[in-house]
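Take a look at the structure set out below.
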2 protein chains.
Amino acid sequence: MSMQKPGLPKGMRDFGPDKMAKRNFIFSAIRTTFEKFGYQPLETPSMENLSVLTGKYGDEGDQLLFKVLNSGDYLAKTSQDDYDAGSKQLLHKISEKGLKYDLTVPFARYVVMNRHELTFPFKRYQIQPVWRADRPQKGRYREFYQCDADVIGTNSLICEMEIVLMINEVFDKLGIENYDIKVNNRKILAGITEAIGEADKLSELCTSIDKLDKIGKQGVIDELGSRSFASAAINALEPFLNIEGDNDQKLKTIKTLLADAASGLEGISEFEEILNYLAQFGIKNHHIAFDPMLARGLSYYTGTILEVKSNDVKIGSLSGGGRYDDLTGVFGMPGISGIGFSFGVDRIYDVMDTLGLFPEEAIISTTALVTNFERKTEPYALKVLSELRNAQIKSEIYPEPAKLKKQMNYADKKNIPYVLLVGEDEMESQLVTLKNMQTGQQTKITISEGIEILAKH
Amino acid sequence: MSMQKPGLPKGMRDFGPDKMAKRNFIFSAIRTTFEKFGYQPLETPSMENLSVLTGKYGDEGDQLLFKVLNSGDYLAKTSQDDYDAGSKQLLHKISEKGLKYDLTVPFARYVVMNRHELTFPFKRYQIQPVWRADRPQKGRYREFYQCDADVIGTNSLICEMEIVLMINEVFDKLGIENYDIKVNNRKILAGITEAIGEADKLSELCTSIDKLDKIGKQGVIDELGSRSFASAAINALEPFLNIEGDNDQKLKTIKTLLADAASGLEGISEFEEILNYLAQFGIKNHHIAFDPMLARGLSYYTGTILEVKSNDVKIGSLSGGGRYDDLTGVFGMPGISGIGFSFGVDRIYDVMDTLGLFPEEAIISTTALVTNFERKTEPYALKVLSELRNAQIKSEIYPEPAKLKKQMNYADKKNIPYVLLVGEDEMESQLVTLKNMQTGQQTKITISEGIEILAKH
């Protein structure tokens, strides 16, 4: 067989032990929080029928789907005409499945297929990879995890409150302190279009103000002009672009501006209700920043929308989500409303790495290494190991007799904090020499004394 | 948009909350055991370059790879000749990537690419899905998880001992009691071919005796005849097929039979060394069944091989693995030896389900539901909920005011063991009525008393 120099596909990543340990620290914070709040796990297959995926993410999304070739003689059902017609037409004949692009569409598909077994309200979380044939660039990958939680079958704003609480809890666990949960409501945005006299241009407004961070106020104004917003409308929008202050001040201003826009007032009252629920829970305005210019791209949102930004690290949103009123209509099951949100693990990882927030215990693999100097002392070393394991201490033995330096290097590279030296002396005295790898300190103690120290770690 | 009745691709599965809870119980037992023994996590991408995957699993394996279509205008680089030449030739022009078929080849690729950063011996575990375009049938899926652990860069038989210990520990945690760890050694099988005078036919022998369970002794004998084994050789094989008794008796018999076969004796001595290590660890012959007719299909094994079978449920092996002496040669890095093994989660699930081994706590999601009867009592219900959550109790509130029956049904369907009824009475007295959903018992107590009961759960 010929030798190959193997490589990774573009935009794909390996996660070695160090990165895995850190990522698992994040996943674990998210998973335990979802479960603490009563969300139950769901997993759907990596592949879906293309009929399920296509048309759900716009034309660009369809382009970015990874398509899986039919197995066997995939050309059997094709004709010269199909080939001549080109990639798009031939596709339908040679590929029936694609890799999932997000977790929402498969979730909707699952809900429709299992509508008769599910108990509503249904709270599910899903932590799985998704795939997009996007051009890879810094921070953008072709395979990445999404961590979604949705509750469907209820319009209660308690769900919004719970999402804020979950975001606070996850970031508390991770040690991320300086962040804003930006909150808005699509109804407020609809109210703004009413107030400025462009009530039929909600999605155009959202698309433009979604770019506010990137292109600035003037950029948004220019773009709206080119989208044929009347200049009176653009003038009327300016006060909204300039709303400032704390949440109370902002709410006061926007209430005046939206005094005649019914849906706008409804959106404001929903936001106030969420704040009210949070107050009942003992939390007020905690990390919450009302942002009437938050739009979020996805057009299926119809109520509350939210997005979390780090104030320390300039990076995209760490979490985001919103309320929708029709999750499954496209699959023939209308009227399923709910709210969902998602954590972006790659960005959270980058923020934590930049700020040095990963705690030591997140990168520790094994707690203790038992040394192995010669065949003669192996039986005693194995006895020590068996007692550590019985005490549920993560521990390993160096698998073959080797020089001390080599074994110390092994422990060091693997971030093992304690080494138990067991040579002839130790075997005779039935003791162990416990070495703390950080301080370098060594003490000769009994196995039980060693276990007592290690168990605390 | 047209309505669609959505479905799942053939051989693919959704895992809803109940199944996920049970599967996570199994994954958690496996993961914590791997980590307790010093194995570190690794994840590789779902897709690999086809150049990495092709030719590693035989012709049949190549057929079973799921191939991913190049993105964009995938036909751009093809010609009429490619199309005329058929599926196989066109493939190279339209697909460069495939979904991974197992975890071993990606692991080997990872080791080669990271050889300079890794510290050997390197112990990694990997729990990820793999994909095979196999014909789906009962118990065989096109997407399924593998749970592999390998240690490479050492020939120490302590690794074999550790695998036996890990299997025991995982099955202990899962409550699976009646199983055999069948152990053999490829060197013993090589010794048998020497002893019967067919030293050059090891792989043919392995292929045939691999089917022993299915086709029986006579079937194996017939097949070896058709594979041009001499009839003297087949006669000489019979005593090996008939070896019986406990491990000591079997070892005694085979030692006599292999007295003149050097590699056979080496294999036996390795097996005895493993038993010896286990004895030093305080375990002897625990679930171990020496089986000189165990072959295991994969041809890259060169030493110990093992396989775990349930004695209660007739099903394929629950775990298996073996030692190899060249993991990465095909990628230009020869001489990397090691040993690996794997748990089969789907089969373990089936065994546990059949025997009713999933403990109640494995299927409980939320510990407590706080009821919601009217807007008026919501503030008190939220106060109760916030105290439960502060005490780290998995809890949720019914998100909107609803009738008692509906909320009880919700708790019931979701396997929630406790409901806290908080109505007007409770709000006034600042108490809660705690209902045990299993016994139906209700008691009116303080929130702290409730927390004390729930915390024990």
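The values are calculated or read from the model by the stated rules, or taken from the named source; none is laboratory data. Here the structure is a predicted model, which is why all the values come from computation and not from measurement. All Cβ positions, even for glycine, are placed from backbone atoms using ideal geometry, and neighbour counts span all protein chains on display. Only protein heavy atoms, including side chains, enter the accessible area calculation; ligands, DNA and RNA are left aside. Shrake-Rupley method; radii C 1.70, N 1.55, O 1.52, S 1.80 Å.
Quick notes on this structure:
- Screening the candidates B:Gly245, B:Gly264, B:Gly282 for the property of being part of a helix (DSSP H, G or I), touching a helix residue (DSSP H, G or I) at 6+ places or on another chain (Cβ under 9 Å) and assigned by TED's automatic domain parsing to the domain that holds B:Ile339 yields one hit, B:Gly264.
- Counting the residues of the range B:1-49 that are within 30 Å of B:Leu91 (Cα to Cα), charged (D, E, K, R) and not in a loop (DSSP other than H, G, I, E, B) gives 2.
- Test: A:Phe66 is more than 9 Å from chain B (Cβ to nearest Cβ), surrounded by 20 or more Cβ atoms within 10 Å (Cβ to Cβ) and of a type outside the set (Val, Ile, Thr): no
- Residues of the range B:102-128 that turn out to be over 20 Å from B:Asp62 (Cβ atoms) and either in contact with a strand residue (DSSP E or B) (Cβ under 6 Å, 6 or more places away or on another chain) or open to solvent by less than 20 Å² (accessible area, probe 1.4 Å) (or both), as a count: 11
- Hits in the range B:75-86 (condition: more than 8 Å from chain A (Cβ to nearest Cβ) and in a loop (DSSP other than H, G, I, E, B)): B:Lys77, B:Thr78, B:Ser79
- Restricting attention to the range A:348-400, the residues that are more than 37 Å from the chain's Cα centre (by Cα), open to solvent by 30 Å² or more (accessible area, probe 1.4 Å) and within 11 Å of chain B (Cβ to nearest Cβ) add up to 5.
- Enumeration of residues in the range B:48-60 that are under 19 Å from A:Pro9 (Cβ atoms) and of a type outside the set (A, V, I, L, M, F, W, C): B:Glu48, B:Asn49, B:Ser51, B:Thr54, B:Gly55, B:Lys56, B:Tyr57
- Among the residues listed as B:Ile305, B:Ile274, the single one being at pLDDT 95 or above, β-branched (Val, Ile, Thr) and in a helix (DSSP H, G or I): B:Ile274
- If only residues of the range B:120-141 that are of a type in the set (D, E, K, R) and more than 8 Å from chain A (Cβ to nearest Cβ) are counted, the one that is farthest from the chain's Cα centre (by Cα) is B:Arg135.
- Of all the criteria given as (1) outside any helix (DSSP H, G or I); (2) aliphatic (A, V, I, L, M); (3) open to solvent by 10 Å² or more (accessible area, probe 1.4 Å), the one not satisfied by A:Ile176 is (3).
- Hey, B:Leu99 surrounded by 15 or more Cβ atoms within 10 Å (Cβ to Cβ), under 23 Å from the mean Cα position of the chain (by Cα), over 30 Å from A:Lys414 (Cβ atoms) and not small (Gly, Ala, Ser) or not: yes
- Leading residue by the ranking (nearest to A:Glu60 (Cα to Cα)) among those in the range A:305-344 that are within 14 Å of chain B (Cβ to nearest Cβ) and of a type in the set (Ser, Thr, Tyr): A:Thr328
- Scan of the range B:186-219 for residues that are in a helix (DSSP H, G or I) and over 29 Å from the mean Cα position of the chain (by Cα), ordered by number: B:Gly191, B:Ile192, B:Thr193, B:Glu194, B:Ala195, B:Lys217, B:Gln218, B:Gly219
- Tallying residues that are assigned to a helix (DSSP H, G or I) and either more than 44 Å from the chain's Cα centre (by Cα) or farther than 14 Å from B:Glu387 by Cα (or both) within the range B:422-447 yields 6.
- Any hit, the range A:76-84, residues being charged (D, E, K, R), open to solvent by 50 Å² or more (accessible area, probe 1.4 Å) and at pLDDT 95 or above: yes
- Among the residues of the range A:406-453, not one is among the aliphatic types (A, V, I, L, M), in contact (Cβ under 8 Å) with a residue 40 or more places away in the chain and either outside the structural domain of A:Asn372 (by TED's automatic domain parsing) or surrounded by fewer than 18 Cβ atoms within 10 Å (Cβ to Cβ) (or both).
- Candidate set from the range B:87-119 (those that are of a type in the set (Gly, Ala, Ser) and part of a helix (DSSP H, G or I)); member that is farthest from the other protein chains (Cβ to nearest Cβ): B:Ala108
- Any hit, the range B:43-51, residues being facing another protein chain (nearest Cβ under 7 Å) and within 30 Å of A:Leu369 (Cβ to Cβ): yes
- Single residue of B:Val105, B:Val52 found to be more than 18 Å from A:Leu69 (Cβ to Cβ), at pLDDT 95 or above and not assigned by TED's automatic domain parsing to the domain that holds B:Phe343: B:Val105
- Selection status of A:Glu238, farther than 12 Å from A:Met293 by Cβ and free of Cβ contacts under 8 Å to residues at least 24 places away in the same chain: no
- Hey, A:Ile215 modelled with pLDDT of 95 or more and closer than 23 Å to A:Gly297 by Cα or not: no
- Checked against the criterion of being open to solvent by 30 Å² or more (accessible area, probe 1.4 Å) and touching a helix residue (DSSP H, G or I) at 6+ places or on another chain (Cβ under 7 Å), the candidates B:Asp150, B:Asp134 yield just one match: B:Asp134.
- Taken over the range A:30-63, the residue count meeting the criterion of being among the basic types (Lys, Arg) and open to solvent by less than 20 Å² (accessible area, probe 1.4 Å) is 1.
- Of the residues B:Glu198, B:Glu194, B:Glu204, B:Glu160, the single one that is within 14 Å of another protein chain (Cβ to nearest Cβ) and either charged (D, E, K, R) or open to solvent by 20 Å² or more (accessible area, probe 1.4 Å) (or both) is B:Glu160.
- Screening the candidates B:Lys10, B:Lys22, B:Lys56 for the property of being of a type in the set (Lys, Arg), within 20 Å of the chain's Cα centre (by Cα) and more than 8 Å from every other protein chain (Cβ to nearest Cβ) yields one hit, B:Lys22.
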